[in-house]
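Note sheet for the following structure.
The values are calculated or read from the model by the stated rules, or taken from the named source; none is laboratory data. Small disclaimer: the values here were computed from a predicted structure and weren't measured. In this analysis, Cβ positions are derived from the backbone assuming ideal geometry, glycine residues included, and neighbour counts consider all displayed protein chains. What goes into the accessible areas is simple: the full protein's heavy atoms, side chains included, and nothing from ligands, DNA or RNA. Shrake-Rupley method; radii C 1.70, N 1.55, O 1.52, S 1.80 Å.
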2 protein chains.
Amino acid sequence: MAANQVSDVFAALADPTRRAILARLAAGDATVNELAEPFPISLQAVSKHLNVLERAGLITRVREAQWRRCRLNPAPLRDLAQWVDQYRRLWDDRYDTLDGYLRELKENTDDRDQ
Amino acid sequence: MAANQVSDVFAALADPTRRAILARLAAGDATVNELAEPFPISLQAVSKHLNVLERAGLITRVREAQWRRCRLNPAPLRDLAQWVDQYRRLWDDRYDTLDGYLRELKENTDDRDQ
DNA sequence: GTCGCCTTCAACCAAGTGGTTAATTAACCG
DNA sequence: CGGTTAATTAACCACTTGGTTGAAGGCGAC
């Protein structure tokens, strides 16, 4: 995962509306109208949020007749879980020494990005 | 974890400089000057980044003589790991049915925030 | 083709962000 | 006390962001 992609994913998740959209999409695909329905903002604003999520790779949109169906793409979330796992030893008491050694080894080889 | 705190943590992590500062602090406490040294930006800019990290709860600063020592606080990262774990079933094949049931049960009780 | 629905594009606005330089505060040292 | 070092605050700037309204594009139905 390149550094700017990490930034894009974090930035996308920094907005509560976008997190709510993701939560909705976790339950299944939806159209833009369906996604916009719960929010007190304009459809255009939701469309902008979807652009941000798409640029971050968190969703994909496919044309389906006159609708554009949105689908959650979990890959960046998986990468995020890996990223935060770099820091697990800082809070996880059950993080044993061998496990810690392996993770730090991994940090120093694959994980050149912060 | 309140919704705005989640947002603050994600927003704080959306900047590569701030992620690099966290990575440095994971190796041990440091002063502002020590943290600023690797970056091509002014000390004041680093100080601003530290404010953002502090507001997000990711670091704490304590006065020590004429220095101000920065320390990483892993709690928000732990919360983040929990947040992203809500979505684990979407990418993890080894996510079995019982585990899934327990997690969704948990989502519907503690995790009212998106 | 024309109407209507779903969605996006364009232009704008207020507020926030990441950076700068200059000034200020805080603490130690002589 | 005065000087030095560490760090923050203040004021400013260019750019981004999240929202708005209005216009336009795509597609199906008639």
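Just grab the label-to-label distance for residue A:54 and residue A:5, each label 7 Å out from Cα along the Cβ direction, in nm (one decimal).
Label at residue A:54, label at residue A:5, 1.9 nm between them.
Just the number, please: Stokes-Einstein D of segment A:3-74 in µm²/s, Kirkwood Rh from C-alpha pairs, 25 °C, 0.890 mPa s.
Numbers: Rh = 12.2 Å.
This corresponds to a translational diffusion coefficient of 202 µm²/s.
In whole Hz and in residue order, list the ³J(HN,Hα) couplings for segment A:60-65 that follow from phi through the Karplus curve 6.51 cos²θ - 1.76 cosθ + 1.60, θ = phi - 60°; x for Gly and Pro.
Each residue of segment A:60-65 in turn: 10, 10, 10, 5, 9, 6 Hz.
In Å², nearest 100, what accessible area do chains B and A bury in total when the solvent probe is 1.4 Å? Write down the numbers at each step before the final one.
On the way: alone 7720 and 7730 Å², together 12980 Å².
The contact between A and B buries close to 2500 Å².
Could you sort the residues of segment B:16-60 by number and keep only those whose accessible area is reduced by 50 Å² or more in the all-protein-chain setting relative to the chain alone, 1.4 Å probe?
Flagged in segment B:16-60: B:19, B:26.
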